[in-house]
Amino acid sequence: MMAPMTPATDKPDVATFQEGLWKDNPVFTMLLGLCPALAVSNTAINSLAMGLASTFVLLGSSTLISLLRHAIPKQVRIASYIIIIATFVTVVDYTIHAVSLELYNALGAFIQLIVVNCIILGRAEAYGSKYPPLKTLVNSLGMGVGFTMALLAVGGVREILGFGSFFGIPLFGSSFQPWAVFILPPGGFIVLSLWLFLFAWIKQRKEKVHAA
Amino acid sequence: MNQPIPQPPPPTPPSMRLIATLGLIAMFSGLAIVLVYQITFEPIARNRREALEKAVFDVLPNAVQRVNYRVDQDGLTRVEGNEVASANAYAGYTEDGRLVGLALPASARGYADVIRVLYGYDPVREIIIGFKVLQSAETPGLGDKIETDPAFLQNFEALSVKLNEEKSALLHDVVTVKRGQKNEPWQIDGITGATVSSMAIGQALRESTAELLPLLAPHVDVLREAPSSDGGTS
């Protein structure tokens with residue numbers, strides 16, 4: 001699932017950042033973090049908030065893990081990573097609670113569930129434990145942006161079809177009959193599968209072009 | 001505590017090193033969480049208070065001042081300061097001290113989880129003048145119509161909750177009926193496609209009014225007095 005880490009240098013470059021956007025996009029390519037991608041993507045604003053919260057946790061934890069990568073013995077690394085990730089999640093949880101009760105209620109239990117988002121532990125293990133902090137930071141930022149974009153892609157479509165609005169702004173006027181199924185859990189699966197289909201199709205076409 | 005243990009890096013480091021690493025990381029993690037908890041404690045409490053305050057003024061139009069009361073079998077007591085959490089009736093007054101009504105809590109089991117609402121009660125006209133959902137996990141797009149459906153919300157502009165002559169019980173219980181079948185002022189027109197949620201609102205209001213309104217009835221004159229200047233402002 002994990003693509004080979006191409007660059008051998010420790011200096012971050014554009015490719016380090018871009019990895020998470022397209023080639024290794026956490027949701028559309030690696031199929032990681034699907035739980036929040038399905039559960040809190042019923043509106044664009046929820047998607048954005050979840051994406052930003054996950055990105056913050058991802059940046060903080062993977063950078064810190066990269067800083068500590070020589071100090072943490074291999075045998076206890078996973079336990080240490082989980083403690084670090086859980087700490088960042090708790091900080092985000094309290095912060096969102098303090099900033100906006102409304103947002104906190106909308107995101108519900110899913111903030112705490114960032115702890116078990118595979119993207120974050122995956123980055124810690126595959127990147128943070130091997131590369132220096134700056135490179136890890138850049139790569140994690142790319143992954144976070146890629147994750148947020150994927151959530152927005154799913155959430156945007158679901159909100160447009162299910163509520164007839166985008167970021168809460170009505171699009172179609174009062175005569176529009178919303179498709180309630182798109183804001184229910186099945187709608188999440190339908191929209192995600194359509195996006196996956198689209199991405200797989202584009203990839204296949206590209207390969208065919210290369211082969212020709 | 002964290003004195004360096006001199007040793008060459010063998011395949012497996014001694015257990016002490018592993019324990020010390022985990023211990024240190026856990027300690028710093030605990031410190032960070034306590035720090036954030038301390039910093040955010042006040043804003044979180046303020047947010048909760050503001051949400052309740054906003055809800056009180058939402059269900060009581062034109063109200064700008066609030067007094068918290070606790071009403072039970074022993075009567076009506078004014079609660080302030082740290083005891084505010086025990087309040088179950090919030091009286092709202094206009095600028096010039098006229099009683100707009102009381103904001104009262106109600107809750108019932110909905111489709112997904114308990115729905116908690118705050119409703120506005122006008123003790124003079126004996127009607128419900130509005131309600132606001134404080135907590136709900138109803139299905140988005142269906143059950144949450146209880147907050148957005150204009151026809152449903154119209155039920156709560158003047159929902160009759162008249163007490164009987166002895167002021168011991170409601171003359172007619174609040175009840176949710178099927179959409180379009182409301183023909184009495186104490187009935188709530190339900191929502192098609194959100195039957196369970198709209199029934200839950202009816203049940204919450206029925207239970208809460210049946211319990212609280214007879215308790216409040218003897219104190220209406222006390223409540224109508226303008227709030228004193230020392231407290232009660234938002």
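Which residue, A:ALA126, A:PHE182, A:SER100, has the largest displacement toward the positive end of the dipole of the range A:77-212 when charges sit on each Cβ (Lys, Arg +1; Asp, Glu -1)?
A:ALA126
What's log10 of I(q)/I(0) for the range B:152-221 at q = 0.24, 0.28 Å⁻¹, Debye sum over Cα points only, no solvent?
Treating every Cα as an identical point scatterer, log10 I(q)/I(0) equals -1.02, -1.24.
Please report the relative contact order for the range A:30-211, taking Cα pairs under 8 Å with a sequence separation of at least 6, and give it as a percent rounded to a whole number.
35
How big is the charge dipole of the range A:30-211 about its Cα centre, in debye rounded to the nearest 20, if each Lys and Arg gets +1 on its Cβ and each Asp and Glu gets -1 on its Cβ?
Here the range A:30-211 has a charge dipole of around 780 debye.
For a quick check: sort A:VAL209, B:VAL59 by the number of other beta carbons within 10 angstrom, fewest at the front.
Sorted ascending by nearby Cβ count, the order is A:VAL209, B:VAL59.
List the relative contact order of the range B:43-224 as a percent without decimals, with contacts defined as Cα pairs under 8 Å and 6+ residues apart.
Relative contact order for the range B:43-224 comes out at 18 percent.
If the only charges are +1 at each Lys and Arg Cβ and -1 at each Asp and Glu Cβ, what is the size of the charge dipole of the range B:43-224 around the Cα centre, to the nearest 20 debye?
260
If you add up the charges near B:LEU76, with Lys and Arg at +1 and Asp and Glu at -1, over every other residue whose beta carbon is less than 13 angstrom from its beta carbon, what do you get?
Neighbour charge sum, excluding B:LEU76 itself: -1.
Determine how many Å³ per residue the convex hull of the Cα atoms of the range B:8-148 encloses.
Value for the range B:8-148: 222 Å³ per residue.
Take the Cα radius of gyration of the range B:43-224 and divide it by 2.2 N^0.38 Å, with N its residue count; two decimals is plenty.
In units of the globular-protein estimate, the range B:43-224 measures up at 1.00.
For the range A:171-186, what does the Karplus curve 6.51 cos²θ - 1.76 cosθ + 1.60, with θ = phi - 60°, yield as ³J(HN,Hα) per residue in whole Hz, taken in order and with x for Gly and Pro?
Karplus values, whole Hz, x for Gly and Pro: 10, 10, x, 6, 7, 6, 9, x, 8, 4, 4, 6, 9, 8, x, x.
Checking the a/c ratio against 1.5 first, then a/b against b/c, what shape does the Cα gyration tensor give for the protein assembly as shown?
oblate
With r as the distance between the Cβ atoms of A:GLN75 and A:ALA200 and R0 = 56 Å, compute the FRET efficiency 1/(1 + (r/R0)^6) and round to 0.05.
0.90
Once Lys and Arg get +1 and Asp and Glu get -1 on their Cβ, which of B:ALA63, B:ALA45, B:GLN73 lies farthest toward the positive end of the dipole of the range B:35-74?
Result: B:ALA45.
For the cross-link pairs A:LYS130/A:LYS206; B:LYS145/B:LYS182; A:LYS130/A:LYS203; A:LYS23/A:LYS208, which exceed 22 Å when the distance is taken from alpha carbon to alpha carbon?
Too far apart for the 22 Å limit: A:LYS130/A:LYS206; A:LYS130/A:LYS203.
So what are the ³J(HN,Hα) numbers for the range B:164-170, from phi and the Karplus equation (6.51, -1.76, 1.60; θ = phi - 60°), rounded to whole Hz, Gly and Pro as x?
Coupling constants for the range B:164-170: 6, 5, 7, 6, 9, 7, 6 Hz.
Put +1 on the Cβ of every Lys and Arg and -1 on every Asp and Glu Cβ in chain B; which of B:ASN88, B:SER198, B:HIS219 then has its Cα farthest towards the positive end of the dipole?
Final value for the positive-end residue is B:SER198.
Taking the Cβ of B:GLY130 as the centre, find all other residues whose Cβ is under 11 Å away and add up their charges (Lys, Arg: +1; Asp, Glu: -1).
-2
Assuming a viscosity of 0.890 mPa s and a temperature of 25 °C, what translational diffusion coefficient in µm² per second does Stokes-Einstein assign to chain A, Rh being the Kirkwood radius over Cα pairs?
136
Please report A:HIS97, B:HIS172, A:HIS210 as a ranked list, fewest other C-beta atoms within 10 angstrom at the top and most at the bottom.
A:HIS210, B:HIS172, A:HIS97
The numbers here are math on the coordinates, done by the rules we state, and not lab data. This one's a predicted model, so the numbers in the text were calculated from it and none came from an experiment. FYI the Cβ positions are ideal-geometry reconstructions off the backbone, even for glycines, and counts take in every protein chain you see.
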